[in-house]
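The values are calculated or read from the model by the stated rules, or taken from the named source; none is laboratory data. Here the structure is a predicted model, which means the values were calculated and not measured. Glycine gets a Cβ as well: all are built from the backbone with ideal geometry, and neighbour counts include every protein chain shown.
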Amino acid sequence: MGFKTITISDEAYMRLLKLKRKKESFTDVILRLTRGRSISHHHGKWKDMSEEEENKLFKLLSEVWSTWQLEESV
């Protein structure tokens with residue numbers, strides 16, 4: 001396996017550091033965050049969601065959607 005040296009800002013480094021898990025290298029973090037995912041990856045993730053959590057989620061999605069629609073029409 002080859003190695004490359006990259007330059008990142010202090011802010012980018014701190015963000016990666018916060019996302020880094022115990023015993024995980026920075027390479028592991030980058031690969032985990034950039035791994036391609038299909039919609040099936042999320043299948044079943046919300047099965048234990050309460051009705052209250054579901055309502056909050058749909059409210060937030062609705063707010064984001066309406067904001068996006070407003071931006072699109074400008």
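Key figures
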read-out: Filter result for residue 57 (at pLDDT below 90 and either touching a Pro at 6+ places or on another chain (Cβ under 8 Å) or surrounded by 10 or more Cβ atoms within 10 Å (Cβ to Cβ) (or both)); value: yes
read-out: Candidates 36, 2, 44 - the one that is at pLDDT below 95, part of a loop (DSSP other than H, G, I, E, B) and on the phi > 0 side of the Ramachandran plot; value: 44
